[in-house]
Amino acid sequence: MGIIAWILIGLLAGAIAKLLMPGKDPGGIIITMLIGIAGGLLGGWLGKVIFGVDSIDGFFDLSTWVAAIVGSLILLALYRLITGNRRSHRHA
């Protein structure tokens, strides 16, 4: 798949991850989009490393979307852990 397809999948995967994990994120929509793009790449890599499958088969394959959404959820959770701790230390 080309870079434009990855960006599109990442943007949509980031939005879906945000819907599945609602809450206030300090970064806004730009950070959510970047997390989605990076999450798509992370999900594809994890699918290949852990399960030995090529989860990045094509734009319309379910495995591509599941991998991108799972990767986005992982990165969104990590982002919230890191920024949440940083925010609580500032006010303390």
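Just so you know, all these numbers are worked out from the coordinates, no wet-lab data involved. Being a predicted model, the structure only gives us computed values, none of them experimental. Backbone-built Cβ (ideal geometry, glycine too); neighbour counts: all protein chains shown.
Values computed for the structure shown
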{"item": "Computed label-point distance, nm, for sites Val49 and Ile82 using a 7 Å Cα→Cβ extension", "result": "1.6"}
{"item": "Inter-label distance, nm, simple model (7 Å from Cα along the C-beta direction), Leu19/Ala5", "result": "2.2"}
{"item": "Calculated from backbone phi, Karplus (6.51, -1.76, 1.60) coupling profile of segment 70-83 in Hz, x at Gly/Pro", "result": "4, x, 5, 5, 4, 5, 5, 5, 5, 4, 5, 4, 5, 6"}
